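Here's the structure we're looking at; comments come further down.
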Amino acid sequence: MYIWRVKKLIDEFRADEVTERKQLSYLLVFLVLSYIAADPYVNNALGYGTMNAMDIVLLPLSIVIAVAGTVLCYGAAKTTSSSAGFLPRYICLGLPVMIRVIVLVFALMLLSFVVNDYVFTIPFIDAYLNSEETSFVDVVGVSAFESLYFILLRGAIVESYENA
């Protein structure tokens, strides 16, 4: 794997020596670095906001879910008879699947706001909605929706190979 030498990687692509498995390793490293860069703990260290212990739990858990989910998607693609083209499917199918998960998250958030503000106040939900810190509910919620994303993406990838 080349981390700095772009020219050598370009040469390997030109020579058609970059296998899909090698591309997967680049994707996994990209995912891990992206999660680290977006993490509140790192942002706090750089002076952006506050953090607590739950932030420290959420980062490694999110990285594990992302890596495991990607490897599961890759494994599911490899079990098909025609498994070529995993990465384009992963990237292209990932966008609409992510949009669906985001819409689901916003719908559930809106429902919780409406119930809490207009129907009846649930102290647990009220405390969660008015908290500015990462809580256990955040860790569980983010992990659940991230897992849902990879489950749906895996299904979409497998379906894209059927009758192909």
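The values are calculated or read from the model by the stated rules, or taken from the named source; none is laboratory data. What you see is a predicted model; the values in this text were computed from it and never measured. Virtual Cβ from ideal backbone geometry, glycine too; neighbours counted across all protein chains shown.
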Inset, instruction - With respect to S131, determine if the residue is assigned to a helix (DSSP H, G or I) and of a type in the set (S, T, N, Q). - result: no
Inset, instruction - Considering each of L87, L95, L72, L104 in turn, give the residue that is in contact (Cβ under 8 Å) with a residue 60 or more places away in the chain and over 13 Å from F150 (Cβ atoms). - result: L87
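Matching residues to (1) in a helix (DSSP H, G or I); (2) within 25 Å of F30 (Cα to Cα); (3) of a type in the set (D, E, K, R):
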position: F113; (1), (2), (3): yes, no, no
position: D117; (1), (2), (3): yes, no, yes
position: D138; (1), (2), (3): yes, yes, yes
position: E146; (1), (2), (3): yes, yes, yes
Legend entry - First in segment 26-38 and surrounded by 12 or more Cβ atoms within 10 Å (Cβ to Cβ), second anywhere and part of a helix (DSSP H, G or I) and among the hydroxyl-bearing types (S, T, Y), Cβ under 8 Å, 6 or more apart: L27/T70; L27/Y90; L28/T70; L31/T70; Y35/S62
Inset, instruction - Hey, could you check segment 147-160 for residues that are within 10 Å of the chain's Cα centre (by Cα) and crowded, with 17+ Cβ neighbours inside 10 Å and say which is nearest to I65 (Cα to Cα)? - result: F150
Legend entry - Residue check for S62: touching a residue at least 12 places away in the same chain (Cβ under 8 Å) and more than 19 Å from A38 (Cα to Cα): no
Legend entry - Selection status of L110, within 18 Å of V137 (Cβ to Cβ) and touching a residue at least 24 places away in the same chain (Cβ under 8 Å): no
Legend entry - For A107: the one exception among (1) among the small types (G, A, S); (2) surrounded by 13 or more Cβ atoms within 10 Å (Cβ to Cβ); (3) farther than 24 Å from V29 by Cα; (4) at pLDDT 90 or above: (2)
Inset, instruction - Name, by its number, the condition in (1) within 15 Å of the chain's Cα centre (by Cα); (2) surrounded by 15 or more Cβ atoms within 10 Å (Cβ to Cβ); (3) among the hydrophobic types (A, V, I, L, M, F, W, C) that does not hold for M98. - result: (2)
